[in-house]
1. Given Cβ point charges of +1 (Lys, Arg) and -1 (Asp, Glu) and nothing else, what value in debye, to the nearest 20, does the dipole of region 251-335 about its Cα centre take?
2. Want the number for Val503 to Arg222: 0.36 nm per residue separation, take away the alpha-carbon distance, what's left?
3. When all alpha-carbon pairs of region 242-339 are counted, what percent fall beyond 19 Å?
4. What trypsin sites (Lys or Arg not before Pro) in region 359-429 are in a loop by DSSP, with at most 12 other Cβ atoms within 10 Å of the Cβ?
5. Highest mean first, what order results for 276-288, 180-192 on Cβ atoms within 10 Å?
6. Taking the alpha-carbon centroid of each part, what is the distance from region 558-599 to region 326-353 in angstrom?
7. If each residue of separation counts as 0.36 nm, what is the full-extension length gain between Val55 and Asp489 once their alpha-carbon separation is subtracted?
8. So which helices of the chain fit the span-like rule, where a helix is a whole DSSP H run, its Cα atoms reach 18 Å or more along the axis, and its mean Kyte-Doolittle is at least -1.0?
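Read-outs throughout are calculated quantities, based only on the coordinates presented, and are distinct from any laboratory measurement. Model, not experiment: these values are computed from the prediction. Please note: Cβ atoms are built from the backbone with ideal geometry, for glycine as well, and neighbour counts cover all protein chains shown.
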Amino acid sequence: MKSQLLAATAVALLAFAPASAQGSKPTAAEAKAFVDKAEAELAALNPYVARSAWVRATYITEDTQWLEAKATAQQNEMTARYAREAARFNGVAVDPVTARKLKLLKLYLVSPAPDRPGAATELATVTTRLDSTYSSGKFQHGGKTLTLNDAEDILADSRDPAELKAVWEGWHSVGPQMRADYARLAELSNEGARGLGFKDTGALWRSNYDMDPDAFAADTDRLWKQVEPFYRNLHCYVRARLNDKYGNAVQPRTGPIRADLLGNMWAQQWGNIYDVVQPKSAGSSYSLDKLLVEKGYDPIKMVRTGEAFYTSVGMSPLPETFWQRSMITRPRDREVVCHASAWNIDDKEDVRIKMCTKVNGDDFYTVHHELGHNFYQRAYKDQPFLFKNGANDGFHEAIGDFVGLSALTPTYLQQIGLLDKAPGAEEDIPFLLKMALDKIAFLPFGLMVDRWRWQVFSGEVTPETYNTAWWKLRNQYQGLMPPGDRPADAFDAAAKYHVPANVPYTRYFLAHIYQFQFHRAACNQIGWKGPLHRCSVYGEKEMGQKFNAMLEMGASQPWPQAMAAFTGESRADASAVADYFKPLNDWLTVQNKGESCGW
Ligand code: X8Z
Ligand code: ZN
């Protein structure tokens, strides 16, 4: 099977060599033939790569790592070669579909392998090892061996600052052993990106948004400026409540917030400390964590519930194979990658999720998020291979989040019997505060992770300064500090999944803007007249049809066209975030009177 694929590749190269060898300009027909061939070969290889990756991610051993690295190296080598070849058609007047495919071919790889023998294998080996090291990371605490899952539960539930600090530091002790591999990954990836004509890997990543890479960076700045005052308002309010609870010795009332006090290992979503910051006058009358347990939910029922939301808006149920092949809970007897993900193994119907699902509100939400990826994959499955993707990666992340915005409304929770009675307007502020702790707190984190990587890829940050640069950005964007001095060898960025896993992160920042644009547009379509945070699109088939039409486009058009198809808007705009949260932002401003905000 593999040798046939290699033989086919060789034929393809011979077929296209003569044009440039003769020095004559290739024709549009040759460009189209080249793209068709490349696309067919990449499509043929993909199910093999996907299966190798799936098996390694659900059963980490020396052997599965070896197998995955071999498959991804082959894919990287093939794709990078085609991406380099594609440059031959620069300036050829081709049809728009071929032009878009040529462009996507060059942007296909997150980290393209350099063009020399052994480089693709080394890159794949390092990448697989980094992901596996992170995923099997463990540390000792209180006489026990803890996994990241255990540590996350403690960060969410404990209110003992000494324990929080110890567990936070414990998990971050997995970082240093990844420094050498990470530095090598950055080197190889940069060499590969430069071979394709990009300044560095960061420039390659920023080129994925149908605009100039510098314009894209500026656009994320513009969006951040739109939401930054709201984030600072939230930061100020939360810091004051933490100070009320823990006192000056643990959390001063001015300056940055201690990163281990916010209920999440990376302080990226703060909803788990809602109990600490809830308004004295009127708190929330329910906790989704408790409701799920009380109503006897188990992981499968959570996923079934998620699926039912999508089918309620007209999408077809998941195939039987989804239930047979997904990994929904953590297996007891082997190492796996627990970080949640959604897969399409055969680029057709074989969709799956991989999660270590726990029965709590966070995972209830994550189930909806992951299924968003699967329903998107299903919707664009009939597109040509290179268009089987999101309009951009932020779209891919925003689909399930958009559904999640409805799925978390009390109205919906009552419709599906989780809540006996939906609370009235008196719970608007508690509800919005809970949402902001997750959605608004996330924004600066969503931005800073890749700001750090862009600096690493550009060479501005070196392995010696990985950690100081990380905390400089953590301070600048999020207003955070570590719970204590960091050891000289610390590599705290590596304690966040997407860094060792080499998954770009700006996508999540974008998704946190797009999802509110989708939500506002969908609520308009169904004729909703109330406040946006109480709107649920559950059961709205006409809206669902229009939504699915956007999903079916895949990556066939520049993303502004996909966005316009559903929302009528063709640029990212945080005004939908402001609309959704307006009552809360006003309320926070009043609560913060007399505080000296900022850090
Ligand atoms: O990684 C994820 C998803 C898989 S695409 C679970 N998310 C980011 C994270 O966990 O850091 C979703 C929110 C942000
Ligand atoms: Zn996702």
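1. 160 debye
2. Details: separation 281, 0.36 × 281 = 101.16 nm, distance 2.32 nm.
The span from Val503 to Arg222 would gain 98.8 nm if fully extended.
3. On the way: 3158 of 4753 pairs.
Value for region 242-339: 66 percent of Cα pairs lie more than 19 Å apart.
4. For trypsin sites (Lys or Arg not before Pro) across region 359-429 that sit outside H, G, I, E and B with at most 12 neighbouring Cβ atoms in 10 Å, the list reads Lys421.
5. The packing order, highest mean first, is 180-192, 276-288.
6. That distance is 34 Å.
7. On the way: separation 434, 0.36 × 434 = 156.24 nm, distance 3.29 nm.
Residue separation times 0.36 nm, minus the Cα-Cα distance, leaves 153.0 nm.
8. On the way: long enough: 2-21 (28 Å, 1.26); 28-57 (41 Å, 0.13); 62-86 (36 Å, -1.29); 119-135 (24 Å, -0.04); 179-195 (24 Å, -0.92); 213-246 (44 Å, -0.90); 299-312 (20 Å, -0.16); 361-379 (27 Å, -1.07); 393-407 (22 Å, 0.40); 428-458 (45 Å, 0.58); 506-525 (29 Å, -0.41); 575-591 (23 Å, -0.05).
Within the chain the helices that satisfy the rule are 2-21, 28-57, 119-135, 179-195, 213-246, 299-312, 393-407, 428-458, 506-525, 575-591.
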